[in-house]
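Trainee: One structure, as structure tokens, below. Some questions next.
The values are calculated or read from the model by the stated rules, or taken from the named source; none is laboratory data. Source: prediction; values computed, not measured. Note that each Cβ is placed from the backbone with ideal geometry, even for glycine, and that neighbours are counted across all protein chains shown.
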Amino acid sequence: MTVSGRAPVAPPRAVAYEAHTSAFGRLAAMGSRAFVKPVIGLWARLPRLPWPYRLLDQLAVLLPAVRGTVRHRVDLRHCRAEAMAPAGSTAPVEAGAILYLHGGAFVVGGIRSHRRLVSRLVRLTGIPSLAVDYRKLPANPVSAAVEDAMDGLHYLIDSGIPIESIAVVGDSAGGFLAVTVAVEARRRGLGQVAGVGLFSPIIDLEPTSKLVAIQADGTAPDPLFPRAALDALWGLVQRTEADDQACEALRSIATAGPEELGTLPPIHVQVGSGELLRPDTDRLLAACAAGGGTATVEVFANQIHVFQAGADVIPEARRALASMAGHIVVTISKAGDKAA
């Protein structure tokens, strides 16, 4: 991986670019384009149909956690969660934790679908995690998912883990929740989390800015998401929130200025070069850096959305997870050093 550019601010917004795409990475993109993208396109045209949203997570029971981890169920106020730890770990509870928030456009996915990905992070870092199976669309608004994510944070704090020793990590829609948790923790007076890790995050649920940026950039179409999916998601969000004010509240991160985003803890993002959501990453990190924050991004050429989930077969995914694990360990360790 080579550093391809730095923004002229301090601390810098470091951008690393991996140009190589393995055969398995290319196959994943081809398979997504041929089989998954048409289904998402159909959903975008007919989002009001009774789609079997829970099916993906139910089928994912076939994907076990990696060896070397143990887990148990946790019941939060409105949803369940799963705690996971390295097998045989003797680290004190206050040593830190990962709060993991899964993706799936707020409609699909859950603990089972992301268990293998989360367990890899737990094994790589040696740090326990809590994965939250937050309430989803269309039965519940995104604002309910935000509160469930905050409940996960409260659970870790109430377990004796200092907030400054908690790293919040999320992919896709879970990336939105991860940044929201970090910001809301400060806004609600809970303190500052150790760091934030994001895989292909969506930050602005209103799609206009992304679509304009993608059109101007002229990149090849995303291998997974048709552009109509962004409009369909925003329409679903609007129909389920209480009113326009609630919808605008969900955009508070996207509209926040450098003075607020620059005070966030260190953020590390990984994204595919041609992803439909990449403009959100660009704007988030530029705002963080402009505000004096620490923000880094790794761009992987031609990788599909959240390719890290394919770490069993995609070499770049394994390298990406190792890099993200390093970010988590460093941020939690630095927070522990400051506390000491």
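Trainee: Given (1) at negative phi; (2) without any contact (Cβ under 8 Å) to a residue 60 or more places away in the chain, where does I214 come up short, assuming only one miss?
Mentor: (2)
Trainee: Taking region 201-234 as the search range and keeping residues that are outside any helix (DSSP H, G or I) and among the aliphatic types (A, V, I, L, M), which one is farthest from the chain's Cα centre (by Cα)?
Mentor: A220
Trainee: While we're on this one: Out of everything in region 296-340 that is over 19 Å from S32 (Cα atoms) and polar (S, T, N, Q), what residue ends up being surrounded by the most Cβ atoms within 10 Å (Cβ to Cβ)?
Mentor: Among residues in region 296-340 that are over 19 Å from S32 (Cα atoms) and polar (S, T, N, Q), the one surrounded by the most Cβ atoms within 10 Å (Cβ to Cβ) is T331.
Trainee: From the residues in region 57-92 that are surrounded by 13 or more Cβ atoms within 10 Å (Cβ to Cβ) and β-branched (V, I, T), which one is nearest to Q192 (Cα to Cα)?
Mentor: V74
Trainee: Of the residues that make up region 67-81, is at least one of a type in the set (A, V, I, L, M, F, W, C) and either at pLDDT below 95 or under 30 Å from A286 (Cα atoms) (or both)?
Mentor: Among the residues of region 67-81, not one is of a type in the set (A, V, I, L, M, F, W, C) and either at pLDDT below 95 or under 30 Å from A286 (Cα atoms) (or both), which makes the answer no.
Trainee: So, of the residues in region 211-237 that are buried (at least 21 other Cβ atoms within 10 Å of the Cβ), touching a Leu at 6+ places or on another chain (Cβ under 9 Å) and not aliphatic (A, V, I, L, M), which turns out to be farthest from F106 (Cα to Cα)?
Mentor: D222
Trainee: Another question about this same structure. Suppose we filter region 90-107 for residues that are assigned to a loop (DSSP other than H, G, I, E, B) and over 23 Å from the mean Cα position of the chain (by Cα); how many remain?
Mentor: Qualifying residue count for the region: 3.
Trainee: Please verify whether L198 is part of a loop (DSSP other than H, G, I, E, B) and within 30 Å of A97 (Cα to Cα), treating the condition exactly as stated.
Mentor: No: the conditions fail for L198.
Trainee: In contact (Cβ under 8 Å) with a residue 40 or more places away in the chain and in contact with a helix residue (DSSP H, G or I) (Cβ under 9 Å, 6 or more places away or on another chain), is that true of G170?
Mentor: It is true that G170 is in contact (Cβ under 8 Å) with a residue 40 or more places away in the chain and in contact with a helix residue (DSSP H, G or I) (Cβ under 9 Å, 6 or more places away or on another chain).
Trainee: Taking region 129-139 as the search range and keeping residues that are in a loop (DSSP other than H, G, I, E, B) and in contact (Cβ under 8 Å) with a residue 12 or more places away in the chain, which one is farthest from V329 (Cα to Cα)?
Mentor: Filtering region 129-139 for residues that are in a loop (DSSP other than H, G, I, E, B) and in contact (Cβ under 8 Å) with a residue 12 or more places away in the chain, the one farthest from V329 (Cα to Cα) comes out as P138.
Trainee: Across region 41-92, what is the total count of residues that are among the small types (G, A, S) and closer than 16 Å to R135 by Cα?
Mentor: Final tally of qualifying residues: 1.
Trainee: So S323 fits all but one of (1) of a type in the set (G, A, S); (2) under 23 Å from H102 (Cβ atoms); (3) part of a loop (DSSP other than H, G, I, E, B); what number is the exception?
Mentor: (3)
Trainee: Is region 262-276 home to any residue that is within 18 Å of Q215 (Cα to Cα), surrounded by fewer than 24 Cβ atoms within 10 Å (Cβ to Cβ) and either out of contact with any strand residue (DSSP E or B) (no Cβ under 8 Å at 6 or more places or on another chain) or basic (K, R) (or both)?
Mentor: Yes, region 262-276 has at least one match.
Trainee: Now, a different point. Taking interchain pairs and intrachain pairs at least six residues apart, which have beta carbon atoms under 7 angstrom, with the first residue in region 140-153 and under 11 Å from L177 (Cα atoms) and free of Cβ contacts under 8 Å to residues at least 40 places away in the same chain and the second of a type in the set (A, V, I, L, M, F, W, C) and outside any helix (DSSP H, G or I)?
Mentor: Sorted first by the residue in region 140-153, then by its partner, the pairs are A145/F106.
Trainee: Say whether the condition of being surrounded by fewer than 18 Cβ atoms within 10 Å (Cβ to Cβ) and at positive phi is met by at least one residue in region 279-295.
Mentor: Yes, some residue in region 279-295 is surrounded by fewer than 18 Cβ atoms within 10 Å (Cβ to Cβ) and at positive phi.
Trainee: For region 185-198, check the following and say yes or no: at least one residue is under 20 Å from P138 (Cα atoms) and not basic (K, R).
Mentor: Within region 185-198, not a single residue is under 20 Å from P138 (Cα atoms) and not basic (K, R).
Trainee: So how many residues does region 103-120 have that are surrounded by fewer than 23 Cβ atoms within 10 Å (Cβ to Cβ) and either more than 14 Å from H72 (Cα to Cα) or touching a residue at least 60 places away in the same chain (Cβ under 8 Å) (or both)?
Mentor: Counting residues in region 103-120 that are surrounded by fewer than 23 Cβ atoms within 10 Å (Cβ to Cβ) and either more than 14 Å from H72 (Cα to Cα) or touching a residue at least 60 places away in the same chain (Cβ under 8 Å) (or both) gives 6.
Trainee: Which is in contact with a strand residue (DSSP E or B) (Cβ under 7 Å, 6 or more places away or on another chain) and either without any contact (Cβ under 8 Å) to a residue 24 or more places away in the chain or not aliphatic (A, V, I, L, M) (or both), of Y17, Y53?
Mentor: Of Y17, Y53, the one residue that is in contact with a strand residue (DSSP E or B) (Cβ under 7 Å, 6 or more places away or on another chain) and either without any contact (Cβ under 8 Å) to a residue 24 or more places away in the chain or not aliphatic (A, V, I, L, M) (or both) is Y17.
Trainee: Do you know which residues across region 44-81 are part of a helix (DSSP H, G or I) and within 22 Å of the chain's Cα centre (by Cα)?
Mentor: A44, L55, L56, D57, Q58, L59, A60, V61
Trainee: If you don't mind, another one. So is V193 modelled with pLDDT of 95 or more, buried (at least 18 other Cβ atoms within 10 Å of the Cβ) and over 30 Å from R33 (Cα atoms) or not?
Mentor: Here the answer is yes, as V193 does meet what is asked.
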